[in-house]
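Down below is the structure, laid out as structure tokens.
The values are calculated or read from the model by the stated rules, or taken from the named source; none is laboratory data. Quantities reported herein were computed from a predicted structural model and do not represent experimental measurements. Virtual Cβ from ideal backbone geometry, glycine too; neighbours counted across all protein chains shown.
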Amino acid sequence: MRATLRFLAAASLAAVTFNSFAATDGTAGSSNSSGNFDITLTVPTQIIVKNFDDMALNTTGATLGNPIEGAEDICVGGIGFGSYSVSLSSQNGSTGGSGTDPFQLNGVGQNLPYSAAFINNTSSTTGTAADTNGDITGSFARNGNLDCNTDNARVFVTVSATEWESAVETNYSDTLTVTVTAL
């Protein structure tokens, strides 16, 4: 008796499982017949950030007491998600290396801190500043696909006047990494 009950329970469970997503055949009729089937589309999440160029900052045209600023237009795109988060890390700074400042330009013997920010358009002149961990607060709406043929976001780099005016070397460098994460 127990074996029969187990078999009936298993058969009922299988019927429920298979009938929850199944096509229905039509029945014969004198003038028409119809059936139906379910359609599913699976879109795995894919995200891309691209169109990077190197940024050259210099003091040409700089005014004492004002920061030196640069902007890099990039593209963030993808499929299978509606928004994304951003983090920035400095190879020389504490956000990605062993530096004392979150973002840091290194010379041979002197290092200069800088700030970094992000915005999800290419028309703004300011963005959301990265925190001391390199994270950009909030999330941003995806407005590009995987082709990412058109820039739609901007990264800002700012070296304060106090820092660049104290430079004792002629060359400083860093590698800034932009990481986007689909939400």
**Prompt:** Could you give every pair whose Cβ atoms fall below 6 Å, whose first residue belongs to region 121-146 and is touching a residue at least 12 places away in the same chain (Cβ under 8 Å) and among the aromatic types (F, W, Y), and whose second residue is part of a loop (DSSP other than H, G, I, E, B) and surrounded by 19 or more Cβ atoms within 10 Å (Cβ to Cβ), counting only separations of at least 6 or pairs across chains?
**Reply:** F140/N120
**Message:** For the structure I just gave you, tell me whether Q46 is under 15 Å from Y172 (Cβ atoms), modelled with pLDDT of 95 or more and polar (S, T, N, Q).
**Reply:** no
**Item:** Residue count, region 128-156 (criterion: among the hydroxyl-bearing types (S, T, Y) and farther than 21 Å from G78 by Cα)
**Value:** 2
**Prompt:** Only one of these conditions is not met by N58: (1) touching a Gly at 6+ places or on another chain (Cβ under 7 Å); (2) in a loop (DSSP other than H, G, I, E, B). Which number is it?
**Reply:** (1)
**Prompt:** Does region 72-81 contain any residue that is over 19 Å from the mean Cα position of the chain (by Cα), more than 14 Å from E163 (Cβ to Cβ), surrounded by fewer than 14 Cβ atoms within 10 Å (Cβ to Cβ) and in contact (Cβ under 8 Å) with a residue 40 or more places away in the chain?
**Reply:** no
**Request:** Taking the options F103, F118, name whichever one is crowded, with 17+ Cβ neighbours inside 10 Å, over 30 Å from V43 (Cβ atoms) and out of contact with any Asp or Glu (no Cβ under 6 Å at 6 or more places or on another chain).
**Result:** F103
**Message:** Can you go through T137, T170, T158, T150 and tell me which one is exposed (fewer than 14 other Cβ atoms within 10 Å of the Cβ) and closer than 22 Å to G107 by Cβ?
**Reply:** T170
**Asked** Is there a residue being modelled with pLDDT of 95 or more and in contact with a helix residue (DSSP H, G or I) (Cβ under 8 Å, 6 or more places away or on another chain) anywhere in region 91-112?
**Response** yes
**Prompt:** Being farther than 19 Å from T150 by Cα, out of contact with any strand residue (DSSP E or B) (no Cβ under 7 Å at 6 or more places or on another chain) and not hydrophobic (A, V, I, L, M, F, W, C), is that true of even one residue in region 92-99?
**Reply:** yes
